[in-house]
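Input: a single structure, listed below in structure tokens.
The values are calculated or read from the model by the stated rules, or taken from the named source; none is laboratory data. Here the structure is a predicted model, which means the values were calculated and not measured. Heads up, the Cβs are rebuilt from the backbone with ideal geometry, glycines too, and the neighbour counts pull from every protein chain shown. Note: areas computed on protein heavy atoms with side chains; ligands, DNA, RNA excluded. Shrake-Rupley method; radii C 1.70, N 1.55, O 1.52, S 1.80 Å.
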Amino acid sequence: MKKKLLAVAVAGVLAAPVAAFAQSSVTISGVFKGSFESLSFGQSTKGQTSQTGVTDDSSAVRFNVREDLGGGLAAIAQVDMRFTIDNHAALSAAGNNHIGLVSKNWGQIFIGRQDIHYGNRESELTVHGSLRADSAALLAFAGGGGTAIAGATRTANVVHYTTPNWSGFTTIVAYSSNPTAAEADITAGAAVRKGSAFHINPNLAGKDFKVGYSYWKSKNDANATTASVTGITAVAGDQRGDRLYGSYRWGGLMLGLAWDKSTITNNVAGTGKVSDRGAWSLPVQYVWGNHGVYGHYTKARDDKSTAAQDGAKMFALSYAHTLSKRTSVALTHAKITNDVGANYQLFTNTAFGVANVVGVAGEDPKIWSVTMRHTF
């Protein structure tokens, strides 16, 4: 009898934490992705015009938490840790991080840091191939390549809402109280303008097609360029971005299109619009069995608000072979041809490039890259 009671007590103790943990779940996932690349510059002013080396391709470890709250409502959270496999950079929570709620009937809302706007381009080349060959190298930059729209990265201080899926139609609405850094509205000195950003992104997707529109509008905190005018510091860099994108699939073949218009305005007296740039991209891919060929041709037009000839074109092609559902190897070639006044760089050049090599106006960066990817 005593043995039975002891067994029941032990089972109760062991079951207690199990019952507690059963109310929430933690999922660990991520990607290891890196390349060995050869980088070179045409029309270069550099002493050495080429180099080879290992680059990271945005490797990550993600922790996703979900707790069912009943009635179809759940609490969610994510920590997106980034690390580099080439130079032992410290692990940091530099990715998409958030905490919020999700409901089947009401959609999803969270606060945190998130990729918005700049990534809508329809190309899947960088899933397996080099991230530096992304068409965002042109689409996400204005002013002859000198200024990133929506930061060309994750937006900070975001309140992010996604509607439920209504027969393939969804909409993302996001607001940021300061898209670039921590809040800086309250100061000890002169008054500064309060920054903010707004994003809306409706999408319609079917079995074989997708079409969407992405809108971005932002203004920075502070960012002084002249003396205070009527108590408010004059600021630079107000942005607007409009992008249309879509694609259609016929079996393993996909054809897509992305069109982008981006403007930058300074509210300093007599300055006005300082960048007005249009761009477009034609992505294409064909996948059969364990093989895939991905490519895009992208063009940034001359900026209407600048005197320089600063358009550019980009060509990228990648062949990928999937060794399993989680592992692939790809060979990628990409080249940007800059006009004499343009300074477009390979995507993530300053973040993941070999020794952070940056070209000057008129130089033409080119890479050959072998990339290995493993997801878990």
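Descriptive notes on the structure:
- When segment 266-376 is described by a simple charge dipole with +1 on each Lys and Arg Cβ and -1 on each Asp and Glu Cβ, the residue from Val358, Ala279, Tyr319 located farthest towards its positive end is Tyr319.
- Note that segment 123-136 has calculated 3J(HN,Hα) couplings of 7, 9, 4, 7, 4, 10, x, 4, 4, 6, 8, 5, 5, 4 Hz, one per residue in order, obtained from phi through the Karplus relation 6.51 cos²θ - 1.76 cosθ + 1.60 (θ = phi - 60°); glycine and proline are x.
- In summary, the lysines within cross-link reach of Lys325, defined as a Cα separation below 27 angstrom excluding same-chain residues under 8 places away, comprise Lys33, Lys207, Lys210.
- Loop trypsin sites (Lys or Arg not before Pro), segment 21-91, which have at most 16 other Cβ atoms in a 10 Å radius of their Cβ (DSSP): Lys46
- Distance from segment 101-119 to segment 28-80 (C-alpha centre basis), Å: 20 Å
- In this structure, Asn87 and Tyr248 have a Cβ-Cβ separation that, at R0 = 51 Å, corresponds to a calculated FRET efficiency of about 0.80.
- Charged-residue dipole, Cβ positions (Lys, Arg, Asp, Glu), the chain about Cα centre, Debye nearest 20: 1000 debye
- Computed over every Cα-Cα pair of segment 259-333 and binned at 5 Å starting from 0, the pair-distance distribution P(r) comes out as 3, 13, 17, 14, 12, 9, 9, 8, 7, 5, 2, 1 percent.
- The relative contact order of the chain, computed from alpha carbon pairs under 8 Å that lie at least 6 residues apart in sequence, is 16 percent.
- Degrees separating the helix 2-21 axis from the principal Cα axis of the chain, which is the longest one: 20 degrees
- On a per residue basis, the convex hull of the C-alpha atoms belonging to segment 275-376 measures out at 109 Å³.
- Accessible surface of the chain, 1.4 Å probe: 63 percent of it comes from carbon and sulfur atoms.
- Each Lys and Arg adds +1 at its Cβ and each Asp and Glu adds -1 at its Cβ; summed about the Cα centre, segment 298-376 shows a dipole of about 520 debye.
- Using θ = phi - 60° and Karplus 6.51 cos²θ - 1.76 cosθ + 1.60, couplings along segment 335-346 (whole Hz; Gly, Pro as x): 9, 10, 10, 8, 5, 4, x, 9, 9, 6, 10, 4
- For the set His98, His199, solvent exposure ranked by accessible area (probe 1.4 Å, protein chains only) runs largest to smallest as His98, His199.
- Secondary-structure-derived ellipticity at 222 nm for the chain, considering helices only, amounts to -2500 deg cm²/dmol, per-run term -39500 (n - 2.57) for DSSP H runs with n ≥ 4.
- For segment 94-183, applying the loop criterion from DSSP together with a ceiling of 16 other beta carbons within 10 Å to the chymotrypsin sites (Phe, Trp or Tyr not before Pro) yields Trp106.
- With Cα atoms defining each centre, segment 278-329 and segment 126-140 are spaced 7 Å apart in the structure.
- Expressed as a fraction of 2.2 N^0.38 Å, the value expected for a compact globular protein of N residues, the C-alpha radius of gyration of the chain is 1.14.
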